[in-house]
Amino acid sequence: MGREQPIYSTRAHVFQIDPNTKKNWMPTSKHAVTVSYFYDSTRNVYRIISLDGSKAIINSTITPNMSFTKTSQKFGQWADSRANTVYGLGFSSEHHLAKFADKFAECKEAARLAKEKSLEKMELASSPSQESPADIHSPLTPPVTSDLCRVNGTGDDVTLSDVSPNSELQSDLSPTTQSLGHSPTTNKHWEAELAALKSNNAKLTAALLESTANVKQWKQQLAAYQEEAERLHKRVSELESQSNQANAIKLQKTELNQTIEELEAMLKAKEEEMERLREEIEDAKQLQSQKETLERKLEATGARSRELEEQLASVEHRLESSLEAQENFRKGLKAMLEILDGKIFELTELRDNLAKLIEES
């Protein structure tokens with residue numbers, strides 16, 4: 001029966017620190033993947049696990065001395081001494097980062113309390129023989145089974161409160177279900193696993209000397225541990241032979257990451273330019289509307305101007321006719337005055353002649 005069950009999941013871009021420079025981040029997934037918290041109820045252990053396909057890109061056991069640090073609004077990191085690496089997660093929003101950090105703090109506190117209880121039990125134990133063989137489990141990395149693959153869905157942020165307590169990990173560790181990463185960091189991780197395995201084998205040897213009732217079961221477990229150790233040694237050798245190819249892949253990933261960053265910067269600049277052009281288009285539409293309004297007003301003003309011009313021409317024509325009539329009238333008066341002057345001159349001469357006639361008579 002499997003021991004682990006998922007308790008919380010979210011989606012993020014996964015990174016690991018460059019083992020050579022210890023400064024640059026290397027992406028371990030091409031896109032956002034599901035990152036899940038798992039709880040082992042038997043060992044009272046919390047782990048952070050993430051899969052990219054069938055490959056485990058995060059397999060980190062939370063310990064009391066770990067710390068999750070927010071380095072920006074959407075990025076956080078923590079160091080795993082067992083894996084000899086630093087993991088980084090890039091989230092889609094500050095809210096998702098905060099929720100992940102809160103869950104990390106909860107698991108860290110639970111791990112601290114579990115460690116304190118474990119130390120108390122060790123102090124109360126009178127001898128190693130009091131430990132039940134059924135309570136000793138392999139220190140090897142527990143399997144990541146179909147339950148975890150099912151958790152790696154497409155949801156952006158999933159709280160696994162509806163998962164049944166029976167939905168635990170149920171398969172044994174095999175190289176086909178949890179592939180190893182081709183990198184020196186993973187080599188060191190498995191070396192640490194081997195060291196833990198050797199320590200546990202020593203404990204098993206001491207327990208075999210003290211417990212004869214469970215000799216067969218302990219021998220079977222020891223044989224399984226030794227077989228697993230041999231398999232891990234072979235796997236480490238294969239990874240060492242592929243280290244050169246892994247370094248070339250890392251370099252390509254770094255170059256691709258830089259190219260992606262440049263393209264994102266160009267896309268952002270294009271979006272800003274498009275936004276500026278949209279604003280200019282809106283301004284142009286407003287100017288066009290104002291232009292059409294002014295054209296209508298200008299057209300109305302032109303029609304009014306033509307109407308006034310016609311009225312002015314009519315007035316000028318009437319004024320010209322009036323002036324012509326006044327001129328003709330003035331000429332007529334002048335002619336009449338000339339005639340009147342002639343008549344007055346004639347009357348004057350007639351008067352003078354009459355006066356002379358009167359005087360002579």
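The values are calculated or read from the model by the stated rules, or taken from the named source; none is laboratory data. As the structure is a prediction and not an experimental result, all values here were calculated from the model. Cβ coordinates were reconstructed from backbone atoms using ideal geometry, including for glycine residues, and neighbour counts include every protein chain displayed. We work out accessible area using only protein heavy atoms, side chains counted, and drop any ligands, DNA or RNA first. Shrake-Rupley method; radii C 1.70, N 1.55, O 1.52, S 1.80 Å.
Out of everything in the range 61-77 that is out of contact with any Leu (no Cβ under 9 Å at 6 or more places or on another chain) and open to solvent by less than 20 Å² (accessible area, probe 1.4 Å), what residue ends up being nearest to Pro19 (Cα to Cα)?
Only one residue tops the list, namely Met66.
Being of a type in the set (Lys, Arg) and modelled with pLDDT under 85 is the filter here, so list the residues in the range 1-29 that pass it.
Within the range 1-29, Arg3, Lys22, Lys23 meet the criteria.
Of the residues Thr254, Thr301, only one is among the β-branched types (Val, Ile, Thr) and closer than 30 Å to Asp18 by Cα; which?
One residue alone meets the criteria, Thr254.
Take the range 118-141 and flag every residue that is open to solvent by less than 60 Å² (accessible area, probe 1.4 Å) and at pLDDT 50 or above.
Answer for the range 118-141, where residues must be open to solvent by less than 60 Å² (accessible area, probe 1.4 Å) and at pLDDT 50 or above: Ser118, Ala125.
Taking the options Thr259, Thr254, name whichever one is β-branched (Val, Ile, Thr), out of contact with any strand residue (DSSP E or B) (no Cβ under 9 Å at 6 or more places or on another chain) and either open to solvent by less than 90 Å² (accessible area, probe 1.4 Å) or not in a helix (DSSP H, G or I) (or both).
Among Thr259, Thr254, only Thr259 is β-branched (Val, Ile, Thr), out of contact with any strand residue (DSSP E or B) (no Cβ under 9 Å at 6 or more places or on another chain) and either open to solvent by less than 90 Å² (accessible area, probe 1.4 Å) or not in a helix (DSSP H, G or I) (or both).
For Asn44, all conditions in the list (1) within 28 Å of Ile249 (Cβ to Cβ); (2) open to solvent by less than 70 Å² (accessible area, probe 1.4 Å) hold save one; what is the number of the exception?
(1)
For Ser50, only one of the following conditions fails: (1) buried (at least 21 other Cβ atoms within 10 Å of the Cβ); (2) within 20 Å of Glu109 (Cα to Cα); (3) not charged (D, E, K, R). What is its number?
(2)
Going residue by residue through the range 21-32, is there one that turns out to be in contact with a Pro (Cβ under 9 Å, 6 or more places away or on another chain) and of a type outside the set (A, V, I, L, M)?
No, the conditions are met nowhere in the range 21-32.
Looking only at the range 87-117, filter to residues that are outside any helix (DSSP H, G or I) and of a type in the set (Phe, Trp, Tyr); which one of those is surrounded by the most Cβ atoms within 10 Å (Cβ to Cβ)?
This residue is Phe91.
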